[in-house]
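Shown next, in structure tokens, is the structure this report addresses.
The values are calculated or read from the model by the stated rules, or taken from the named source; none is laboratory data. Just so it is clear, the model here is predicted, and its values are computed rather than measured. Reconstructed Cβ throughout: ideal geometry from the backbone, glycine too, with neighbour counts over all protein chains shown. To get the accessible areas, we keep the full protein, side chains included, count just its heavy atoms, and leave off ligands, DNA and RNA. Shrake-Rupley method; radii C 1.70, N 1.55, O 1.52, S 1.80 Å.
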Amino acid sequence: MRRRHTLTRLLAIAALGLPLTLPAAPAAAAPTVGTRQLSDVIPVPVESHPDAQSAFRLGPLTVIRTAPGSLAAWQVGRQLAATLRPATGYPLPVLPVRSTPLPEIALVLGATDARVGQEGYQLDVTRRGVTIRANTPAGLFAGTQTLRQLLPAQIEASNRQRITWTVPGGRIVDYPRFAYRAAMLDLARHFHTVDEITAYVDLLSQYKINYLHLHLTDDQGWRIQIDSWPRLTTVGGGPGTGVDGVGPGFLTKADYKAVVAYAAARHITIVPEIDMPGHTNAAQSTYAELNCDGVAPAPRTDMAVGYSSLCIDDELTYRFVEDVIRELAEITPGPFLHIGGDEAHATTDEDYRTFVERVLPLVSKYGKRASGWNEIMRVDPSTDVVAQFWGTGTTNADLARAAARGNKVIMSPANKSYLDMKYDPSTRLGLQWAAYIEVRDAYGWDPAHRVAGVGEDAILGVEAPLWSETLRSLDDIEYMAFPRLPAIAELGWSTAASHDWESFRVRLGAQAPRWRLQEVNFYPSPQVPWI
Ligand code: TNX
């Protein structure tokens, strides 16, 4: 029988200031999976100072105490409690108070090491408890994800585990190298449901990913409701619009808002992408008037790219684009709106320039900052426009010029960070046009030394895109993302100096028991010493 402590009873104990003795560890405690060290975390923390004398034992009387007066801190506390309750079976009440006599996990706003900034945190583990300090709720959340990894892997179990919940003692001071650490999911080639997207968000948030880029439209399908062009989804996202005729699927605005809110609660910001002026066959096969000749092309469910183009000289094109940007901006609280711009092989260079130069101001008009694939740097846009590098080479004159001018760059080299590339020739899923990418390849590069002339100062961050031509289910998504996604997450968060394959592969191997308990369908790479 699970012993229950009601919140009121614990509050009463706390108010009385009764002396409390910690109950002994449960009899016949099962061994924990591996002994956790303070630095056994992905992404590896900036600084960790172990103190073997000060391990904390999470117990049935532990409370989660959050910064008084901060609803956001209390919410982080509630999420932490929800994460820790199933496996521990402990009540872990969340108390927004200044002090308790109980052993506690305290989430404190302010009073941090000066270096932690907007997303970092300081985590102190003593025998009495754990204290996470941060300047923001996002920093507190990041600290709780570290704490989760410091607990035995069984913490991820969905039912009660009778083990000793020891957190290794000492201090961590941690903050990100880059402000933008993203994953991308392609909803256009195969649609993925709200449940699948939010399940992916849960996984991303464990590795301190803070943006999720959604590729919402492409030649095959249009996956976001736009009220002023309703057939985009009823037809363009209708039956048979996935690769190989799989489908239908699209996000209603309510769905999209639900995804945005779910991600925001995990400190992840959604970046929506409308890919144009190419990759637009779904829209153009739905609305004949979006074609220069007024004739709707056939819908396409093959995997070819580069054949579609919006009609650059037609004013209707810009009414369409403005309607889409306006409606999307309205439901997007995050700062970025991605306009695609890749592989516009059916658009002349001159038309491409005309198009991008007309569309960028529309993004600003609706209060968003434009990002786009690296091709948009051909037009030398203003310095607030962000380029996402997806090339496989180490030189790109447009990008180097943009960086010199002051544009920021997101690094997602296709031969390093593309999660849809096969691991090796035997991988059933995925593509191979850019490279085979084993875990060591995904980890083995430095975002600030990838493209000549695009150094640390020009880098906004990193992204791990997952194109879905061959991926249909959440299982498929997980198989391609794990274990490479944590590699990219570490490149985005941890210092360049901490980069070390031998350390990473061991820490990665120690994640496996967690993934098994979370039922993550990961690829058991032979390069990693899995536990
Ligand atoms: C290239 S990368 C594309 C996508 C494909 C992907 C498959 C990029 C900006 N465009 O249209 O889905 O390759 O790996």
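Contact map, region 431-447: residues that are assigned by TED's automatic domain parsing to the domain that holds N415 paired with residues that are away from the ligand (no atom under 15 Å from the Cβ) and of a type in the set (S, T, Y), Cβ distance under 7 Å, separation 6+ or inter-chain. Pairs shown: E438/S525; V439/S525. Scanning region 497-519 for residues that are touching a helix residue (DSSP H, G or I) at 6+ places or on another chain (Cβ under 7 Å), aliphatic (A, V, I, L, M) and surrounded by fewer than 21 Cβ atoms within 10 Å (Cβ to Cβ) yields one hit, L517.
Residues of region 318-345 that are within 16 Å of the ligand (Cβ to nearest atom) and either modelled with pLDDT under 95 or surrounded by fewer than 17 Cβ atoms within 10 Å (Cβ to Cβ) (or both): H345 alone. In summary, V520 fulfils each of the numbered conditions (1) more than 22 Å from P413 (Cβ to Cβ); (2) in contact (Cβ under 8 Å) with a residue 60 or more places away in the chain; (3) assigned to a helix (DSSP H, G or I) with the single exception of condition (3). Scanning region 446-473 for residues that are surrounded by fewer than 23 Cβ atoms within 10 Å (Cβ to Cβ), more than 16 Å from the ligand (Cβ to nearest atom) and in a loop (DSSP other than H, G, I, E, B) yields a total of 5.
When each of Y307, Y352 is tested for being in a helix (DSSP H, G or I), out of contact with any Phe, Trp or Tyr (no Cβ under 8 Å at 6 or more places or on another chain) and within 16 Å of the ligand (Cβ to nearest atom), the lone residue that passes is Y352. Among all residues of region 428-445, there is at least one that is open to solvent by 10 Å² or more (accessible area, probe 1.4 Å), farther than 20 Å from S468 by Cβ and among the aromatic types (F, W, Y). Of the residues D218, D244, D255, D195, the single one that is within 16 Å of the ligand (Cβ to nearest atom), out of contact with any Pro (no Cβ under 8 Å at 6 or more places or on another chain) and open to solvent by 20 Å² or more (accessible area, probe 1.4 Å) is D244.
At least 1 residues being more than 29 Å from D314 (Cα to Cα) is the threshold, and among the helices (runs of 4 or more DSSP H) wholly inside region 218-303 those reaching it are 253-265. Look at (1) open to solvent by 30 Å² or more (accessible area, probe 1.4 Å); (2) more than 29 Å from G238 (Cβ to Cβ); (3) small (G, A, S) and you find that G391 fails only one, number (1). The single residue among A263, A296, A288, A283 that is more than 16 Å from the ligand (Cβ to nearest atom), on the phi < 0 side of the Ramachandran plot, buried (at least 19 other Cβ atoms within 10 Å of the Cβ) and assigned by TED's automatic domain parsing to the domain that holds G340 turns out to be A263. The condition (being buried (at least 23 other Cβ atoms within 10 Å of the Cβ) and of a type in the set (D, E, K, R)) is satisfied by just one residue among R148, R162, R181, R171: R181.
Against the list (1) modelled with pLDDT under 50; (2) of a type in the set (S, T, N, Q); (3) part of a strand (DSSP E or B), the condition S48 fails is (1). The helices (runs of 4 or more DSSP H) found wholly in region 369-445 and carrying at least 3 residues that are over 23 Å from the mean Cα position of the chain (by Cα) and at pLDDT 95 or above occupy 397-405.
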